[in-house]
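**Student:** Below you will find the structure I want to go over with you.
No lab work stands behind these numbers, since they all come straight from the coordinates. What you see is a predicted model; the values in this text were computed from it and never measured. Methodologically, a virtual Cβ is constructed for each residue, glycine included, from the backbone with ideal geometry; neighbour enumeration extends over all protein chains shown.
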Amino acid sequence: MELVREISRSIFNLETISPGTMVYAKHKSWDQPKSGIVTKAAEEEIRVQYVPVIGTVTNYFSVRAGEVKNKEWTLAWSDDFVTIHRTEEDE
């Protein structure tokens, strides 16, 4: 049995996205995109809090790095509302 294993996986660059970052996201299964604020940023997943159209509750959705790599998400994000980054720029 091997003591150390080397695996390849997709992870988020936490210098690029962090809590407080504004996100505009659309998963391939959604009809409409959602806007929100990153509340959790980890290497494999970011969590985005958003306010739904109806109601006064707050919801969130998770974006996994592997799904972004597989082009299941279209994302735009900004820390300052001036510079906007998009997933298409990474291609």
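To keep it simple, each residue is scored yes or no on (1) under 20 Å from ILE11 (Cα atoms); (2) loosely packed, with under 12 Cβ neighbours inside 10 Å; (3) among the hydroxyl-bearing types (Ser, Thr, Tyr); (4) in contact with a His (Cβ under 9 Å, 6 or more places away or on another chain).
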position	(1), (2), (3), (4)
VAL38	yes, no, no, no
GLU44	yes, no, no, no
VAL53	no, yes, no, no
THR56	no, yes, yes, no
VAL63	yes, no, no, yes
ASN70	yes, yes, no, no
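**Student:** Just to be sure before I move on: is ARG5 out of contact with any His (no Cβ under 7 Å at 6 or more places or on another chain) and free of Cβ contacts under 8 Å to residues at least 12 places away in the same chain in the structure I sent?
**Tutor:** Considered against the rule, which asks whether it is out of contact with any His (no Cβ under 7 Å at 6 or more places or on another chain) and free of Cβ contacts under 8 Å to residues at least 12 places away in the same chain, ARG5 comes out as yes.
**Student:** Another one. Regarding THR16, is this residue in a strand (DSSP E or B) and either of a type outside the set (Ser, Thr, Tyr) or in contact (Cβ under 8 Å) with a residue 12 or more places away in the chain (or both)?
**Tutor:** no
**Student:** So, GLN49, is that one polar (S, T, N, Q), surrounded by 14 or more Cβ atoms within 10 Å (Cβ to Cβ), on the phi < 0 side of the Ramachandran plot and out of contact with any helix residue (DSSP H, G or I) (no Cβ under 9 Å at 6 or more places or on another chain) or not?
**Tutor:** Criteria met by GLN49.
**Student:** Under 8 Å between Cβ atoms, which residue pairs at least 6 apart in sequence (or on different chains) link something in segment 69-83 that is touching a residue at least 40 places away in the same chain (Cβ under 8 Å) and acidic (Asp, Glu) with a partner that is surrounded by 14 or more Cβ atoms within 10 Å (Cβ to Cβ) and not in a loop (DSSP other than H, G, I, E, B)?
**Tutor:** Qualifying pairs under 8 Å: GLU72/HIS27; ASP79/MET22.
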